[in-house]
Amino acid sequence: MNAPYVFAGNQKEEAMADSVRMALSRAISDPRPPVPQFIDIKERLAYLQWLGDMSDRLAKRISDRQVRIEFLRTVWYEARRAGLDPALVLGLIQVESAFRKYAVSPVGAHGYMQVMPFWTRVIGDGDRSKLFHMQTNLRFGCSILRMYLDMEKGDLFLALGRYNGSRGRAEYPNSVLASWRNWEHHP
């Protein structure tokens, strides 16, 4: 199901404490590539099972297997790095961009997670073209969603509304929550 334009990201630039800006800046500037670390073989096998299941589910949307696997590895890494459920991130991406790397919303949001270009100035190096780089887009999006979750004291409904610029309206959070359920992995 393709998401209607009404859900395209429109985060608002808000005043934030310097400590928050610096923490976000550090989070998105970490150049390490997504290399999963596992505490034991059981955790590694669960990850590989998730990767296989999600790859099968995503095959119709991202046909190139290598691109799809790289995308899923990066989603998993960046979601976990930000303390988010990878299925939530996949649900958000489905609603925001329908898994289109080069999606641009009517309000100017870019990439998979529909990140507004002002974020590159606020916490990045100002180069908005980097929002079409998969890892950069996912890192920005996951870091921003984590910040909004923290601002909303864990209230996912409000954080999702803030992420989309539709805080207080139910359509977007409800769409992401429904999509999240579709991406949950049940081993």
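The values are calculated or read from the model by the stated rules, or taken from the named source; none is laboratory data. Keep in mind that what you see is a predicted model, and the values were worked out from it rather than measured. Here Cβ is always computed from backbone atoms with ideal geometry, including for glycine, and neighbour counts include all displayed protein chains. We work out accessible area using only protein heavy atoms, side chains counted, and drop any ligands, DNA or RNA first. Shrake-Rupley method; radii C 1.70, N 1.55, O 1.52, S 1.80 Å.
Carbon and sulfur: what percent of the stretch 65-117's accessible surface (1.4 Å probe)?
Details: 840 of 1820 Å².
In the stretch 65-117, the share of accessible area belonging to carbon and sulfur is 46 percent.
Please compute the per residue accessible area over the stretch 104-187 with all protein chains in place, 1.4 Å probe, rounded to a whole number of Å².
Working: 3560 Å² over 84 residues.
Using a 1.4 Å probe on heavy atoms only, each residue of the stretch 104-187 averages 42 Å².
Using only the Cα atoms of the stretch 77-187, build the gyration tensor, take square roots of its eigenvalues as a ≥ b ≥ c, and label the shape rounded, prolate or oblate: rounded if a/c is under 1.5, else prolate if a/b is larger than b/c, else oblate. Let's see the in-between values first.
Values: a/c = 1.43, a/b = 1.31, b/c = 1.09.
Cα axes put the stretch 77-187 in the rounded bin.
Please give the peptides 136-147, 75-86 ranked by average Cβ packing (other Cβ atoms within 10 Å per residue), highest first, as a rough proxy for protection. Don't skip to the end; give the middle numbers.
Values: 136-147: 24.7, 75-86: 19.7.
Listed from highest to lowest mean packing, they are 136-147, 75-86.
With θ set to phi - 60°, apply the Karplus curve 6.51 cos²θ - 1.76 cosθ + 1.60 along the stretch 164-178 and write out the HN-Hα couplings as whole Hz, x wherever there is a Gly or Pro.
8, x, 10, 3, x, 10, 8, 4, 5, x, 5, 5, 5, 4, 5
Which Cα, out of PHE118, SER166, ALA82, lies furthest along the positive dipole direction of the stretch 46-187 (beta carbon charges, K/R +1, D/E -1)?
Farthest towards the positive pole: PHE118.
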